[in-house]
Amino acid sequence: MVKILEKCQLTPITKLYRVDAPLIAKAARAGQFVIVRVREGGERIPLTITDYDAEQGVITIVVQEVGATTRRLAELEVGDHILDMVGPLGEAPDIPSGGHIVGVGGGYGSAALLCLMRELSDRGEKTTIVMGAREKDLLILADELGEICDHVEICTDDGSAGFKGFVTERLQEMIDGSPPGRPDYVIAIGPMPMMRAVEKTTAAAGIDTTASLDPLMIDGTGMCGGCRVTVGGEVKFACVDGPFFDAHEVDFDEAVSRSKMYVKEEQKAAACQRSAREVA
Amino acid sequence: MPVKRADKTPMPVREPEMRARDFEEVNEGYCFSHAMFEAERCLRCQDPVCIDGCPVRVPIADFMHAVAAGDMHKASEILRTANPLAAICGRVCPQEAQCEMKCHMTKRFGPVAIGHLERYVSDWEMAQPLNDEVAKPWRDEKVAIIGSGPSGLVCAGELARLGYHVTVYEALHAPGGVLRYGIPEFRLPNSILDWEIASLERLGVEFVNNVIIGKTIKLDDLFSEMGYSAAFIGTGAGLPKFMGIPGESLNGVYSANEFLTRINLMQAFEFPQAETPLKVGGRVAVIGSGNTAMDAVRSALRLGAEHAMVVYRRSENEMTARIEEYEHAIEEGVEFHWLTNPIEVLGEDGWVTGLKCMRMELGEPDDSGRARPVPIEGSEFVFPVDNVVLSIGTRPNPLLSRATPGLKTHSWGGLLVDERQVETSVHRVYAGGDAVTGAATVILAAGAGKKAAEAIHSDLTADTA
């Protein structure tokens, strides 16, 4: 059981939690994740560690309501407990030093970049974050990321804040020389189609790119193989070999297809949750 | 007819049509009169050989005599002392290849049903009123057990009985390891496992779920920061093997581990009330022939598959499953395709549609001593299927060894142990079960846990002397 110490609403569908998890906070490194289960009979879902504080024994997670489990999680309040949390899982990425490092975050993916970008800035790297959302109100942690990175590039589909367009379009401008300049290394975290689009953009420009994959997984320890992804023609387990992989080697078509395996079931679980609530 | 010439008393089972639709236990267990009659079939050999067939040398003849005398209390004591997981082993041991194979009754009338009686006595023990008192460790030393599968549970129990403070760390949210996530409830009900764990808790063993040694806590920190004097690694062999054939990442292809974990640990059979889904179509092919393959294929039936089939490249003779599981699977309507080797999973729009196979014939014996299956040229054909479940074996999980410099493994992943077969390359870190041997049986893991506990006790006693 993990106690919720702080909760704040980032967008209408995104919540930030600070939870009491001293062992995880002590062991965590930027880019790793946890697996949580919210109730008996509930699913196990992976969530990126947004931030960690070893001294206080606290980790931060950001949850976007997308399915039955994340909706249940979003309903928890300060003082409530998350039934199970295990981690830190996966390996921290090995980002090469020197040059201009650009983090590209789509939607809640920006949250996953927070402690990673801070670590890189602390290391003395030149850092830029390119973050995107549909509209201004859906942007998350822009101020926090602004404090950490040398440059923040905000993109919205409707132009309600920053650049009007996709993160990949802004990225392309930077590659073409628009300030803050061409990236030497790109870290992409966000929805699978966004990461695929970033990969295509950087591949054309020959820029090394890593992507944090979040396929379906159960145990997170390499036991089920449900999170397998094909990277450079080899089958890898995102939970133990990842979550970061060379984006240019990832078979995104397969990864996107696998991520949609249970779309119908997720709708069914959500409907069941709604009807249970109506009865109550 | 004299008892000694009677056939083996059959295990009462639920009707195949009924049981193949739910996850309730298939075997119903002996009643008192079955047990008394069956124990009476034992020949009272002067020099019993059944014990030689048991990996942990349960004094089978002694417990058999106690049952025949109607002294279940004594019988259960004899059993539990020798094998702390008797209720589980009575259900899942391959007795026909162990104790019962040695029984002198085997050739003429069928062996004494040692496994069924082991189960009967353990079930009797579980039905007795419990003493709620929790034992207090009386020694100073703490021992950490890594993994709560069979070897870890036995090691924990033995050390707790010797007075050590024992903590069992489990990566998942519930203890039991493969007994929880792997073996389905129709073969091993969770209530049996829960009872075993509760009895360990009464011995003073502490269980901590959701902690991965190597990730949440480094192995070294158990000693340097947390004050443990020894650790036992019983992390099993949970890493699933894939065949490396095209189409394995299509939607609808599962490792047996994933398929069974979704069912056993996550209760996918109760979806959507339980929120973990599992896609089971009308036609399911399970590749492999071990107990895990039988568990997967019978689970597929229970989840509504109309055609649940086993596809195996060798023949029935080389099948590795327990004979009882095989017989139960046939009764329940599982289809078996022997000498059939899958070469490709076919798909459409990302989903499995078929399994392309080749017919095989048996050739000369291979390294394993079994006849080598050889493909028959031009024999390719396709099974139309909705799911493929790969049950072709598992390897030790490398998570802890990767995270722990100095913890040495064989090239295939098994942990290296000393000449006593218990201590790893890290001082006072012991290991046993599948993590050392590769995938094997519950009873061998239990035996390894017991042996490691004895070594830990002897080494820690020497340390303090």
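The values are calculated or read from the model by the stated rules, or taken from the named source; none is laboratory data. Just so we're clear, the structure is a prediction, and the values are computed from it rather than from any experiment. Ideal geometry is used to build each Cβ from the backbone, glycine not excepted, and the neighbour counts take in all protein chains shown. Just the protein is used for accessible areas: all its heavy atoms, side chains included, with ligands, DNA and RNA removed. Shrake-Rupley method; radii C 1.70, N 1.55, O 1.52, S 1.80 Å.
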Discussion item. Nearest 100 Å² is fine: what is the total accessible surface buried where chains B and A meet, probe 1.4 Å?
Written reply: 3700 Å²
Worksheet item: Can you give the angle from 0 to 90° between the axis of helix A:192-205 and the longest principal axis of chain A, with both taken from C-alpha atoms, to the nearest 10?
Response: 10 degrees
Discussion item. If I take all pairs of Cα atoms in chain A, what percentage of them are more than 36 Å from each other?
Written reply: 11 percent
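What part of the accessible area of region A:110-156, given as a whole %, is carbon or sulfur when the probe is 1.4 angstrom?
Result for region A:110-156: 38 percent of the exposed heavy-atom area is carbon or sulfur.
Specify the longest stretch of chain B that does not include any exposed loop site, a site being one of the GluC sites (Glu not before Pro) with a non-H, G, I, E, B DSSP assignment and at most 16 other Cβ atoms within 10 Å.
That gives B:29-132 as the longest site-free run.
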Worksheet item: For region B:37-121, which semi-axes, largest first and in whole Å, follow from the square roots of 5 times the eigenvalues of its Cα gyration tensor?
Response: 17, 15, 11
Worksheet item: Of all trypsin sites (Lys or Arg not before Pro) in region B:49-123, which ones are in loop regions per DSSP and have a Cβ with at most 14 other Cβ atoms within 10 Å?
Response: B:57
Worksheet entry | Coordinate range along principal axes, alpha carbons of region B:340-465, Å, largest first | 70, 39, 25
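What average count of beta carbons from other chains do you get within 10 Å of the Cβ of residues in A:253-260?
Mean shielding count: 3.
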Worksheet item: Once both axes come from the Cα atoms, what is the angle between helix A:109-122 and the longest principal axis of chain A, in degrees from 0 to 90, rounded to 10?
Response: 60 degrees
Item to complete: Please label the shape of chain B as rounded, prolate or oblate, based on the square roots a ≥ b ≥ c of the eigenvalues of the alpha-carbon gyration tensor (a/c under 1.5 means rounded; beyond that, a/b larger than b/c means prolate, else oblate).
Response: oblate
Discussion item. Let me confirm one metric for peptide B:19-29, namely the mean number of other chain beta-carbon atoms within 10 Å of its residues' beta-carbons.
Written reply: 0
Item to complete: Please work out the average accessible area per residue across region A:1-119, using the 1.4 Å probe convention, and give it in Å².
Response: 36 Å²
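If one computes P(r) from the Cα atoms of the protein assembly as shown, what percent of pairs lie at distances over 32 Å?
Details: 159263 of 277140 pairs.
Above the 32 Å cut-off, the protein assembly as shown has 57 percent of its Cα pairs.
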Fill in: Proximal charge balance of residue B:179 [Cβ under 13 Å; K/R count +1, D/E count -1]
-3
Item to complete: Note every residue of region A:201-218 with a reduction of at least 40 square angstrom in accessible area, all protein chains present versus the isolated chain, computed with a 1.4 Å probe, or write none.
Response: A:218
Practice prompt. Work through the residues other than residue A:121 whose Cβ is under 10 Å from its Cβ and net out their charges, Lys, Arg +1 and Asp, Glu -1.
Written response: -2
Worksheet item: For region A:2-89, what % of the accessible area comes from carbon and sulfur atoms, probe 1.4 Å?
Response: 48 percent
Practice prompt. Pull up the DSSP beta bridges for chain B and report the antiparallel fraction as a percent, rounded to 5.
Written response: 40 percent
Item to complete: Show which lysines lie in cross-link reach of residue B:215 when reach means a straight Cα distance below 16 angstrom and same-chain residues fewer than eight apart are skipped.
Response: A:26
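Using DSSP, restrict attention to beta bridges with both residues in region A:100-259 and report what percent are antiparallel, rounded to the nearest 5.
Beta bridges within region A:100-259, antiparallel portion: roughly 25 percent.
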Worksheet entry | Relative contact order for chain B, counting Cα pairs under 8 Å that sit 6 or more residues apart, in percent | 16 percent
Worksheet item: How much of the accessible area of chain B, in percent, comes from carbon and sulfur atoms when a 1.4 Å probe is used?
Response: 51 percent
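Just in region B:292-380: which trypsin sites (Lys or Arg not before Pro) are loop by DSSP and have at most 14 other Cβ atoms within 10 Å?
When the trypsin sites (Lys or Arg not before Pro) of region B:292-380 are filtered for loop state and at most 14 Cβ neighbours within 10 Å, B:370 remain.
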Worksheet item: Just in region A:225-280: which trypsin sites (Lys or Arg not before Pro) are loop by DSSP and have at most 15 other Cβ atoms within 10 Å?
Response: A:260
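Rounded, prolate or oblate for region B:251-302? Axes are the square roots of the Cα gyration tensor eigenvalues, ordered a ≥ b ≥ c, and the cut-off for rounded is a/c under 1.5.
Details: a/c = 1.92, a/b = 1.57, b/c = 1.22.
Prolate.
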Practice prompt. Return P(r) of region B:3-43 (all Cα-Cα pairs; 5 Å bins starting at 0; whole %; ordered from short to long distances).
Written response: 5, 23, 22, 16, 13, 11, 7, 2
Discussion item. Using all alpha carbons of region A:100-259, what is the percent of pairwise distances in each 5 Å bin, ordered from the shortest bin to the longest?
Written reply: 2, 10, 19, 21, 20, 14, 9, 4, 1, 0
Response to the item:
If one compares the long axis through the Cα atoms of helix A:263-279 with the longest principal axis of the Cα atoms of chain A, the angle in degrees, nearest 10, works out at 40 degrees
Worksheet item: So what's region A:18-100 giving for Cα Rg divided by 2.2 N^0.38 Å, two decimals?
Response: 1.18
Worksheet entry | Convex hull projection area averaged over all views, region B:88-239, Cα basis, nm² | 10.9 nm²
Worksheet entry | Solvent exposure of region B:68-198 as accessible area per residue, Å², 1.4 Å probe | 36 Å²
Discussion item. Can you report the principal axis dimensions of region B:260-361 using only the alpha carbons, biggest first, rounded to whole angstrom?
Written reply: 46, 37, 20
Worksheet item: About its Cα centre, what dipole magnitude does chain B give when the only charges are +1 on Lys and Arg Cβ and -1 on Asp and Glu Cβ, stated in debye to the nearest 20?
Response: 660 debye
Discussion item. Per-residue Cβ counts within 10 Å, from other chains only, averaged over B:251-261: what number is that?
Written reply: 4
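Can you tell me the relative contact order of region A:2-89? Whole percent, Cα pairs under 8 Å, sequence separation 6 or more.
Working: 199 pairs, mean separation 34.0, N = 88.
This gives 39 percent for region A:2-89.
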Practice prompt. Name the shape class, rounded, prolate or oblate, that the alpha-carbon gyration tensor gives for region B:179-307, where a ≥ b ≥ c are the square roots of its eigenvalues, rounded holds for a/c under 1.5, and otherwise prolate holds if a/b is larger than b/c and oblate otherwise.
Written response: prolate
Discussion item. Ratio of alpha-carbon Rg to the 2.2 N^0.38 Å globular estimate for region B:81-129, to two decimals, please.
Written reply: 1.23
